[in-house]
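One structure is given below, encoded as structure tokens.
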Amino acid sequence: MSKLAIFKEFWDFLRVRKKWWLAPIVIFLVLLGALIVFTETSAVAPFIYTLF
């Protein structure tokens, strides 16, 4: 199963089940995860940690 298949399956789930309220939650979690991964080894990390 490819990575894109997971997104397609999630999109089909949202479309069929009419669970559109899940999309912003998932997008926020993905962006938060990307922010955490990005700041682990960057010089910006001390400034990001002051936000939380």
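The values are calculated or read from the model by the stated rules, or taken from the named source; none is laboratory data. As the structure is a computational prediction, the values presented were derived from the model and not from experiment. Neighbour counts are summed over all protein chains in view; Cβ atoms, including those assigned to glycine, are modelled from backbone coordinates with ideal geometry. The area values use the complete protein model at the heavy-atom level, side chains included, leaving out ligands, DNA and RNA. Shrake-Rupley method; radii C 1.70, N 1.55, O 1.52, S 1.80 Å.
Tabulated results
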{"read-out": "Spin-label model distance (nm) - Leu32 vs Lys8, 7 Å beyond Cα toward Cβ", "value": "3.0 nm"}
{"read-out": "Three semi-axes of the equivalent ellipsoid, the chain, Cα gyration tensor, whole Å, largest first", "value": "31, 14, 4"}
{"read-out": "With every protein chain in place, region 8-52: carbon and sulfur % of accessible area (1.4 Å)", "value": "76 percent"}
{"read-out": "Positive-end residue, region 1-51 charge dipole about Cα centroid, Cβ charges, pick of Pro46, Phe28, Ile6", "value": "Ile6"}
{"read-out": "Debye, to nearest 20: dipole size of the chain, +1 on Lys, Arg Cβ, -1 on Asp, Glu Cβ", "value": "360 debye"}
{"read-out": "Per residue, in Å², the accessible surface of the chain once ligands and nucleic acids are set aside, probe 1.4 Å", "value": "93 Å²"}
